[in-house]
Protein chains: 2
Amino acid sequence: MRISLQFLRRQPLPGTQLQLAFRPRAVPAIWPLRSFTTTPPQARFVVHKQPKKPASKMSSTATTMKGQPLDKAVLDSMLRRRMFYTPSFEIYGGVSGLYDYGPPGCALQANIVDQWRKHFVLEEDMLEVDCSVLTPHEVLKTSGHVDKFADWMCKDPKNGEILRADHFVEDVLETRLKGDKEARGEKVEVKEEDPKKKKKKSKGAAEAVKLDDAIVKEYEEILAQIDNYNGEQLGALIKKYDLRNPATGVQPTPPVAFNLMFQTSIGPSSNMPGYLRPETAQGQFLNFQKLLEFNTQAMPFASASIGKSYRNEISPRAGLLRVREFLMAEIEHYVDPEGGKKHHRFHEVEDVELVLLDKHTQLSGQTTVKKMTIGEAVKTGLVDNETLGYFIARIHLFLKRIGVDQTKIRFRQHMANEMAHYACDCWDAELLTSSGWVECVGCADRSAYDLTVHAKKTGAPLIVRERLEVPKVIEEWTVELEKKKFGPHFKKDGKAVEAAILATSQEQLEKLVKELNETGKVVIDVPEVAGGKAEISKDLIKIEWTKRTENIREFTPNVIEPSFGIGRILYSLIEHNYWTRGTEGGDEARGVLSFPPTVAPTKVLIVPLSSNKDFAPHVRSLTQKLRSAGISSRVDDSSASIGKRYSRNDELGTPLGITIDFQTIQDKTVTLRDRDSTRQVRAEADKIIAAVHELVDGKKTWEEIEKELPIFEGQELEMR
Amino acid sequence: MRISLQFLRRQPLPGTQLQLAFRPRAVPAIWPLRSFTTTPPQARFVVHKQPKKPASKMSSTATTMKGQPLDKAVLDSMLRRRMFYTPSFEIYGGVSGLYDYGPPGCALQANIVDQWRKHFVLEEDMLEVDCSVLTPHEVLKTSGHVDKFADWMCKDPKNGEILRADHFVEDVLETRLKGDKEARGEKVEVKEEDPKKKKKKSKGAAEAVKLDDAIVKEYEEILAQIDNYNGEQLGALIKKYDLRNPATGVQPTPPVAFNLMFQTSIGPSSNMPGYLRPETAQGQFLNFQKLLEFNTQAMPFASASIGKSYRNEISPRAGLLRVREFLMAEIEHYVDPEGGKKHHRFHEVEDVELVLLDKHTQLSGQTTVKKMTIGEAVKTGLVDNETLGYFIARIHLFLKRIGVDQTKIRFRQHMANEMAHYACDCWDAELLTSSGWVECVGCADRSAYDLTVHAKKTGAPLIVRERLEVPKVIEEWTVELEKKKFGPHFKKDGKAVEAAILATSQEQLEKLVKELNETGKVVIDVPEVAGGKAEISKDLIKIEWTKRTENIREFTPNVIEPSFGIGRILYSLIEHNYWTRGTEGGDEARGVLSFPPTVAPTKVLIVPLSSNKDFAPHVRSLTQKLRSAGISSRVDDSSASIGKRYSRNDELGTPLGITIDFQTIQDKTVTLRDRDSTRQVRAEADKIIAAVHELVDGKKTWEEIEKELPIFEGQELEMR
């Protein structure tokens, strides 16, 4: 059995970016990992191998907000220094794939979630729920996760190292190809900025061994479809090409499936195996009936949930982009499958312009994107239906609202074989980062799959019962059997004959009624009885033209699911808003995070010029006024220079700074500094607070404030 | 080994309330369970057995917000109907101790958390962090949870039932005492309102068997200290009194310790055992160094965290009061242990009046509470220090702010043996509910314990380095050994002699220096060497009076920890704000949840009189205006009568309702209804929205609004 392609969709690990330079390939994305499929491997199309821009090239050309080359090492060091996030349990050596958010990361995350809740839940009256993370075995067995939510792994028999099979094959073949290139005297690209990689390289360094041209071609073909191999096939490749772990020089064991769910046991008797949920969706599906009831049976409606989910990655090494514990925000929008899945607010978004990479383009080996409105995309059938299109546009507007760079976002459509078999269309919002295009939001039409499997398993009626405005009149041929005589007549063949009659179509019945009227009996095919035919006389059967009225229609709603990985969005947002400011003295460039005020961890920095006690009442008064206006502020009364303190807060992404100096004591004026331009104005404290309010609410721009309040010049000189 | 008393502190299960009627005892609380102790069992004092008001009596006298008898069954049914919370995975049969929050519960929880964040984190510039739930073994081994975070359980060998040992002993003995009472013809109190309990009783029904007076006394003494037995002792009781599981008639197996943490394995190789954190605190402690650095080394400061924690309860049966997965909000305030732990904002709260149940009162067997200001409590030493007192007062103000009934809150002090051995004072905020007094917030002074054990284990310097304003001059006797000669002289005894010298006190050194000057040698006790004494001549040792200056002081800060169980607070808040309204027609009383607007799940209900299409634009306009004012609203355009729709929203705790009727179409006026009084005013939509704003912000009362806007009468007639 092949495990799903979806499960194998991975971000390139930092350590694999070097290799990526050698073959054009898609940057695989991993999230969300849910939409697995049961399509047999031979029927699948290799999705991720389309020649997109190679990731490593992207990485080296990754840019800051201002178009400067992005130095990832410098950014990482800044994020660590300012405690945006930090490896969990670091004083105990850390655990890969687990991160703690420090104060600015935590506030940034809270603000993104807050905007999400406003943009989706409140704006559309969604029913937010908070469901258990601990989930019993049976639920995830039914959903398919127990059987399919897995990666292939193998083990080095010598040193016990665990290897992800596809990554291992990929790494060894790429190393060999690199050695071949060296032997041929071709230039091998080496990334300068990652000292770790160099170290790693020395371990599995490529020997300059020239390969046959035919072998090079074979390797390249394998690499182009690496995500399409199942465990057995990966094992065969390891044997065939004698792939050895460079660390030990031995072949690893054959790949085995490793389920990515964290397992535990609920209750004291160990008889209830359970897992940490891999997604929030299942809890929402199980509550469907109650939510429909809560919504006074009105359709369509959506539930939403924000919470942690867990995936036991085999060897996570990509910072916040691949983690074992992560915050998700998911919407399950329930819609009637009939009537074309229209959305009553679609007109509000139809003019939203999107960058789309559709499946047809990808299937033809291209990555040329199309720019068009969502209205056009739905009209031309590129996007399957209005409701799906509505949410794609809403996702776009959300990402724009929180400050995602509009030139670094695209929606990529899943190709037929990439999607789960039950889904009818799926688009991912991908954001461009130094690791290439990262899947940050998935938006899938999941049809009625989940509700159907849970209903089937539990018997719970996860359906909508709709009173028909116009009752449905059904006219048709119906069959009635004279049971009392029928049974004794056919004896042991009774059931088979009855089943054969019930299986007859309306057309057949029309013929049978004619036969019955003409001959007084019908003869039908029943393969199970002797002779293969049964004769039924008219005293045993009645076939009549009947008419009945239905007032209620029952249906299982379809689910449109926008699913957000908050950590990935947060990290991409950081890169999109990062840039560096040169210094006159030729010092190291200073980092700035130009977050929009809505998501900035802190809105205002309050800086007293020195520790002079006369400043304290002014600091207190400002703090209190800002707090009662609901604007988050922080005081920095450390002994560092004003310039250094502002510099620190540029790195924290604080959009505004207020300085209290000796003039404040005399005339109650303070200065207000704009993070992005470093320009300042000076006015009375109350006027400044009013300006802050307008800036934070997005009602005025800094340029407008500069026209209203007197410019102040002087302090920025103390910058260093 | 006895497991900690703290671990045994439990809410009475609903099924045990009946028994509680027969002996006066404290209602044990369970949360937080952290502060375990290593004090040997014999040294411990039985804490929970003080004759407080018996829980069952409390339960039967539990009252609503308006002082009506609280019918818990009716309330529970309402909460379920309105989807405040619901058992998780119910269509799969459910899992005890796991609950999902539906839309109103989820919004109520979010609002409580939001208020918490404003009241604590923003108000005091705390450093909020979000740490991993998955925690490796070593961290929780060091913190003590791996060894001590356990309950005693035994198993019925016949039916395999798992029993919590202390609960089992308690249940059987209480059943016997009940049978004795019946045999003696004494009245046995039976609670009417719980049909489940009656059923349960029939299983383990008390036979009317009279016991010897001496046996009755023995049983009562055992019950009085049930929480004080360890597993072995509980096992001995089971044997001695032949306690049998009423379901099977057999004795259960001897008790074994059951660790309450959910275990899992991190990564693919199963070599990293881990747990789901039982509290958020450890993640905060491990980040201490980075947080101190983030805070520019300034002390005191606090970190804070809101997140889920997990405890694998043996058999949770008390609704939201005992669950396996729960939301916690914890603060770790780091304070210098020197200087009396003053708090610079203590003066702001010193007049806050509290209801205190101190340890001395409890130790004397009383539950008489004292009413006093926190200023007085700290001044008299009842509360250990200002910082602890400051947070106790702040907790009180928080609970008041979100709508906790001020007559149903008290702070109970832990007694010496109830506290963890490292804590120096601890107070719980307890809220009175139908299950008795429930511990909802703990506030402990945890001294330097956690930082010390983690620093010791990892070598990380979890300390504060403080530059001394006045450098400290230290004058003392110091010893210098002539190492070159010392070693060869003493040979194998060298180390022991050196250690003995280093261990000498300043007083001893003063004597030794005299001896050295007078005799040219010193003789000191060294038990390890032959003869027990060592002679050291003056060429080997120098003892001098020295003087040195220290500029830096290093210390491990103490931690004051306020720790909130959000689910328990949420449930208590529901009970405190619940009451019922009689109906004129004599119908069943209608439930109301009078939440303050700040925490109410939805602030405004918008009700169009009917489905008439002319109402739609007015509904839309109102919704948009409220949304842009940041006020959450919901539209109920179902076909139910206005009265029924208002009634539904009274149950949901929505404080305000706006009706759109035919007059609205004519003159753009709408009515505004007050949930608590059901009175209404009528005015133009914009005036009504302004009034809503003022009511929700708490700037005006309903009475004030009634004076400003015309009263409207009429609609409430349609109530049913």
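Which members of region B:69-84 meet the condition of being of a type in the set (A, V, I, L, M, F, W, C) and in a helix (DSSP H, G or I)?
Initially, region B:69-84 is screened for residues of a type in the set (A, V, I, L, M, F, W, C), giving B:70, B:73-75, B:78-79, B:83-84.
Matches in region B:69-84: B:Ala73, B:Val74, B:Leu75, B:Met78, B:Leu79.
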- Task: Considering (1) over 22 Å from A:Gly630 (Cα atoms); (2) without any contact (Cβ under 8 Å) to a residue 24 or more places away in the chain, say which one B:Lys699 fails and leave the rest.
- Result: (1)
- Per-region count, region B:112-144, residues out of contact with any helix residue (DSSP H, G or I) (no Cβ under 8 Å at 6 or more places or on another chain) and either among the β-branched types (Val, Ile, Thr) or surrounded by 19 or more Cβ atoms within 10 Å (Cβ to Cβ) (or both): 3
- So which residues in region A:287-307 are facing another protein chain (nearest Cβ under 8 Å), out of contact with any Ser or Thr (no Cβ under 8 Å at 6 or more places or on another chain) and either part of a strand (DSSP E or B) or farther than 14 Å from A:Ile463 by Cβ (or both), if there are any at all? A:Phe294
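Scan region B:275-302 for residues that are touching a Gly at 6+ places or on another chain (Cβ under 9 Å) and either more than 12 Å from B:Val129 (Cα to Cα) or of a type outside the set (Lys, Arg) (or both) and report the count.
Selection size over region B:275-302: 6.
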- Can you pull out the residues in region A:257-307 that are touching a Phe, Trp or Tyr at 6+ places or on another chain (Cβ under 8 Å) and without any contact (Cβ under 8 Å) to a residue 24 or more places away in the chain? A:Gln263, A:Ser265, A:Pro268
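With the requirement that a residue be within 14 Å of chain A (Cβ to nearest Cβ) and of a type in the set (Gly, Ala, Ser), what does region B:245-264 give you?
Just the residues of region B:245-264 that are within 14 Å of chain A (Cβ to nearest Cβ), to begin with: B:252-253, B:255-264.
Correct list: B:Ala257 only.
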- Message: Given the condition among the small types (Gly, Ala, Ser) and part of a loop (DSSP other than H, G, I, E, B), answer yes or no: does some residue in region B:642-653 qualify?
- Response: yes
- Task: For residues that are of a type in the set (Lys, Arg) and either in contact with a strand residue (DSSP E or B) (Cβ under 9 Å, 6 or more places away or on another chain) or under 16 Å from B:Asn558 (Cβ atoms) (or both), scanning just region B:453-468, find the one that is farthest from the other protein chains (Cβ to nearest Cβ).
- Result: B:Arg465
- Query: If you take the residues of region A:445-489 that are exposed (fewer than 11 other Cβ atoms within 10 Å of the Cβ) and free of Cβ contacts under 8 Å to residues at least 40 places away in the same chain, which of them is nearest to A:Glu544 (Cα to Cα)?
  - Reply: A:Lys484
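Picking from A:Tyr334, A:Tyr310, which residue would you name as being closer than 19 Å to A:Cys424 by Cβ and hydroxyl-bearing (Ser, Thr, Tyr)? Full working, then the answer.
Details: A:Tyr310 fails: closer than 19 Å to A:Cys424 by Cβ.
Unique residue meeting the criteria: A:Tyr334.
I'd like to check which helices (runs of 4 or more DSSP H) are fully inside region A:308-422 and have at least 1 residues that are in contact with a His (Cβ under 9 Å, 6 or more places away or on another chain) and under 30 Å from A:His167 (Cα atoms).
Filter on region A:308-422 gives A:359-363.
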- Test A:Ser563 against the stated conditions and say whether it is in the same structural domain as A:Tyr646 (by TED's automatic domain parsing) and either surrounded by fewer than 24 Cβ atoms within 10 Å (Cβ to Cβ) or under 34 Å from the mean Cα position of the chain (by Cα) (or both). no
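Conditions tested, residue by residue: (1) of a type in the set (D, E, K, R); (2) within 11 Å of chain B (Cβ to nearest Cβ).
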position: A:Thr64; (1), (2): no, no
position: A:Lys72; (1), (2): yes, no
position: A:Met153; (1), (2): no, yes
position: A:Phe168; (1), (2): no, no
- Message: Considering only region B:230-240, I want to know if a residue exists there that is more than 14 Å from chain A (Cβ to nearest Cβ) and touching a His at 6+ places or on another chain (Cβ under 6 Å).
- Response: no
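Having 1 or more residues that are of a type in the set (Gly, Ala, Ser) is the bar; report the strands (runs of 3 or more DSSP E) wholly within region A:450-561 that clear it.
Working: elements: A:464-481, A:521-525, A:533-537, A:541-555.
Answer list for region A:450-561: A:533-537.
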- Note on the structure: Filtering region A:127-186 for residues that are in contact (Cβ under 8 Å) with a residue 40 or more places away in the chain and under 30 Å from B:Val95 (Cα atoms) leaves a count of 23
- Those residues that are part of a helix (DSSP H, G or I), modelled with pLDDT of 90 or more and closer than 19 Å to B:Asp697 by Cα, I need them from region B:582-636; list them, please. B:Leu622, B:Thr623, B:Gln624, B:Lys625, B:Leu626
- Item | region B:265-277, residues that are modelled with pLDDT under 95, closer than 29 Å to B:Ala165 by Cα and more than 9 Å from every other protein chain (Cβ to nearest Cβ) | B:Pro273
- Item | Cross-chain or 6+ apart pairs with Cβ under 9 Å, region B:358-374 first and within 18 Å of B:Glu386 (Cα to Cα), then among the hydroxyl-bearing types (Ser, Thr, Tyr) | B:Met372/B:Thr380; B:Ile374/B:Tyr390
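The values are calculated or read from the model by the stated rules, or taken from the named source; none is laboratory data. Everything numeric in this text was worked out from a predicted model, so none of it was measured. No Cβ is skipped: glycine too gets one built from the backbone with ideal geometry, and neighbour counts run over all protein chains shown.
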